[in-house]
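K.L.:
First the structure, then my questions, so here it is.
The values are calculated or read from the model by the stated rules, or taken from the named source; none is laboratory data. These numbers come from a predicted model, not from an experiment. Note that we place each Cβ from the backbone using ideal geometry, even for glycine, and neighbour counts take in every protein chain shown.
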Amino acid sequence: MKRKRSFVLDEKDDKAVQLFAELGMPKNLAKTLMYISQMAECKSADVEQGADLRQPEVSVAMQEMRRRGWAKKRDLKKKGKGRPVHIYKLTKPLPTILKNFEQEKMKQVATIKNDLSELQTLIKQYK
């Protein structure tokens, strides 16, 4: 990550995002993950700026990360009225998240292999 006014994803981060996306992870989720993985904590506005995403894209990505148990959210109340600011933090280190993602993909590969094998068996009956 390079430092400008705030942290932004760099070329190495972009390559990781591209690889995650090629493996089936939504690109916005991958961008959010790569950004947050390099911060102790961050606001959703930081993710928007640093990962070049819109607020709804960050919100959806964070919901998915929380659903998977990869991140947690806490609310920081502002002085006076108004909505609280969401602060995000990973609950697991990036290598552990990658391992979880890998296991998920390997299960999908096993399912595909089983389905292809079953299909081959069925197709043989048509000869």
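K.L.:
Conditions first: (1) over 10 Å from the mean Cα position of the chain (by Cα); (2) surrounded by 15 or more Cβ atoms within 10 Å (Cβ to Cβ); (3) closer than 16 Å to Ile97 by Cβ; (4) not hydrophobic (A, V, I, L, M, F, W, C). Glu64 passes all but one, so which condition is the exception?
P.N.:
Here Glu64 meets the rest and fails (1).
K.L.:
Condition (residue is modelled with pLDDT under 95, more than 19 Å from Phe20 (Cβ to Cβ), of a type in the set (A, V, I, L, M, F, W, C) and in a strand (DSSP E or B)) applied to segment 44-63: is it met by at least one residue?
P.N.:
Looking through segment 44-63, none of the residues is modelled with pLDDT under 95, more than 19 Å from Phe20 (Cβ to Cβ), of a type in the set (A, V, I, L, M, F, W, C) and in a strand (DSSP E or B).
K.L.:
To continue, here is another question. Out of the residues in segment 72-89 that are touching an Asp or Glu at 6+ places or on another chain (Cβ under 9 Å) and not in a loop (DSSP other than H, G, I, E, B), state the one that is surrounded by the fewest Cβ atoms within 10 Å (Cβ to Cβ).
P.N.:
Across segment 72-89, the extreme among qualifying residues is Arg74.
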